[in-house]
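Trainee: Have a look at this one.
The values are calculated or read from the model by the stated rules, or taken from the named source; none is laboratory data. Since this is a predicted model, take the numbers as computed values, not measurements. Using ideal geometry, Cβ is built from the backbone for each residue, glycine included, and neighbour counts are taken over all protein chains shown.
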Amino acid sequence: MKSISILGCGWLGTPLAEHLSSKGYLIKGSTTTPEKLDKLKNLGIQPYLIDRSKAEVKIGDFFDTDLIIINIPPRNTPDDPQFHHKMIQSIVTQIDFTKTKIIFISSTAVYPNLSGEVTESDASHNASSRGGVALLEIEDLIANPATTILRFGGLYGPDRHPGRFLSSKTLGGKTNPINMIHLDDCIGVINSIMEQNIWGERFSVCSPSHPTKEQFYNKACQALGIPTPIFTEEETDYKLVNTDKLTNTIRYDFQH
């Protein structure tokens, strides 16, 4: 594997591209923001611009590569609730799966809040959010033996500090387990999947440790010196995302 195309160079995609470029891979990266083209180029990434107003993705030789990492959040429009589905379908038709692998970034939103543990098989078209249902439909569209799907938990890291998420807010569910993953581990898991050639799978991806909501967010706020959330005794629905399939399959030690 020599060349990698990253569809979506945002909060995760850009540092991922930098990391993979530093390891000697030829990186192509897409953005919907014209102002970011020079930034990507200066980072050693071959930049491509996507017109986000069109569901049909046409960006030259972007898909002529060994691996495509699809990292674009679902985006529909009032005029077209199937916009994102059409976009992914447009992408899939341009990929030669006999020579190109795919890593698709999904989310643990595909799991319903069962107030208990969930595993990969619990993903449901009756997930707890409309976004989760839409993501699962996209997963089913793109799933094949050359594709691995990574369902990331809550994302945090540089410029996304969890202390700022809920500071001073009044919340229930203080004993609920949380399912988070740091940017460093997002990159580490993606790197492990591609270098260990693990394809045709769907994995839950979050830290194997699950502190309570109260523990995690209080600690995060205290680290910034800002007010902690106000937790009530109200119980709320939750899910505890089991990552045994991932940790039993890949060789990777979580950093956070």
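Trainee: Does segment 105-123 contain at least one residue that is out of contact with any strand residue (DSSP E or B) (no Cβ under 9 Å at 6 or more places or on another chain) and either within 22 Å of THR247 (Cα to Cα) or touching a residue at least 12 places away in the same chain (Cβ under 8 Å) (or both)?
Mentor: Yes: one or more hits.
Trainee: What are the residues in segment 203-220 that are touching a Leu at 6+ places or on another chain (Cβ under 8 Å) and touching a residue at least 40 places away in the same chain (Cβ under 8 Å), if any? Break it down into steps so the answer makes sense when it comes.
Mentor: Of the residues in segment 203-220, the ones touching a Leu at 6+ places or on another chain (Cβ under 8 Å) are 203-205, 210, 213, 217.
Passing the criteria: PHE203, SER204, VAL205, LYS213, TYR217.
Trainee: What is the residue count in segment 11-49 for residues that are in a strand (DSSP E or B) and over 17 Å from the mean Cα position of the chain (by Cα)?
Mentor: So in segment 11-49, the residues in a strand (DSSP E or B) come out as 26-31, 46-49.
Keeping just the survivors that are over 17 Å from the mean Cα position of the chain (by Cα) gives 26-28, 46-49.
The qualifying residues number 7.
Trainee: So, one more: Identify all residues within segment 196-226 that are in contact with a helix residue (DSSP H, G or I) (Cβ under 8 Å, 6 or more places away or on another chain) and of a type in the set (Lys, Arg); write none if there are none.
Mentor: Of everything in segment 196-226, just one residue is in contact with a helix residue (DSSP H, G or I) (Cβ under 8 Å, 6 or more places away or on another chain) and of a type in the set (Lys, Arg), namely ARG202.
Trainee: Of everything in segment 131-154 that's charged (D, E, K, R) and under 24 Å from GLN196 (Cβ atoms), which residue is modelled with the highest pLDDT?
Mentor: ARG151
Trainee: Does segment 158-174 include one or more residues that are aromatic (Phe, Trp, Tyr) and either surrounded by 19 or more Cβ atoms within 10 Å (Cβ to Cβ) or assigned to a helix (DSSP H, G or I) (or both)? Write out each step before concluding.
Mentor: Applying the first criterion (aromatic (Phe, Trp, Tyr)) to segment 158-174 yields 165.
Among the residues that remain, those that are also either surrounded by 19 or more Cβ atoms within 10 Å (Cβ to Cβ) or assigned to a helix (DSSP H, G or I) (or both) are: 165.
Within segment 158-174, one or more residues are aromatic (Phe, Trp, Tyr) and either surrounded by 19 or more Cβ atoms within 10 Å (Cβ to Cβ) or assigned to a helix (DSSP H, G or I) (or both).
Trainee: Ok, one more. Residue by residue through segment 175-216, note down the ones that are in contact with a Phe, Trp or Tyr (Cβ under 7 Å, 6 or more places away or on another chain) and assigned to a helix (DSSP H, G or I).
Mentor: Hits for segment 175-216 are ASP185, CYS186, GLY188, VAL189, SER192, GLU214.
Trainee: Using beta carbons and a limit of 9 Å, which pairs, at least six apart or on different chains, have the first residue in segment 245-256 and free of Cβ contacts under 8 Å to residues at least 40 places away in the same chain and the second one assigned to a loop (DSSP other than H, G, I, E, B) and not hydroxyl-bearing (Ser, Thr, Tyr)?
Mentor: Note: pairs meeting the criteria are THR247/PRO208; THR247/PHE254.
Trainee: Tell me which residues, restricted to segment 217-245, are within 17 Å of ILE178 (Cβ to Cβ) and in a helix (DSSP H, G or I).
Mentor: Hits for segment 217-245 are TYR217, ASN218, LYS219, ALA220, CYS221, GLN222, ALA223.
Trainee: Turning to a different aspect of this structure: Given the criteria surrounded by 12 or more Cβ atoms within 10 Å (Cβ to Cβ), under 26 Å from VAL189 (Cβ atoms) and either of a type in the set (Val, Ile, Thr) or touching a strand residue (DSSP E or B) at 6+ places or on another chain (Cβ under 7 Å) (or both), does LEU7 qualify?
Mentor: Here the answer is yes, as LEU7 does meet what is asked.
Trainee: Consider LEU150 carefully, then state whether it is crowded, with 18+ Cβ neighbours inside 10 Å, under 18 Å from the mean Cα position of the chain (by Cα) and not in a strand (DSSP E or B).
Mentor: No; evaluated as a whole, the condition is false for this residue.
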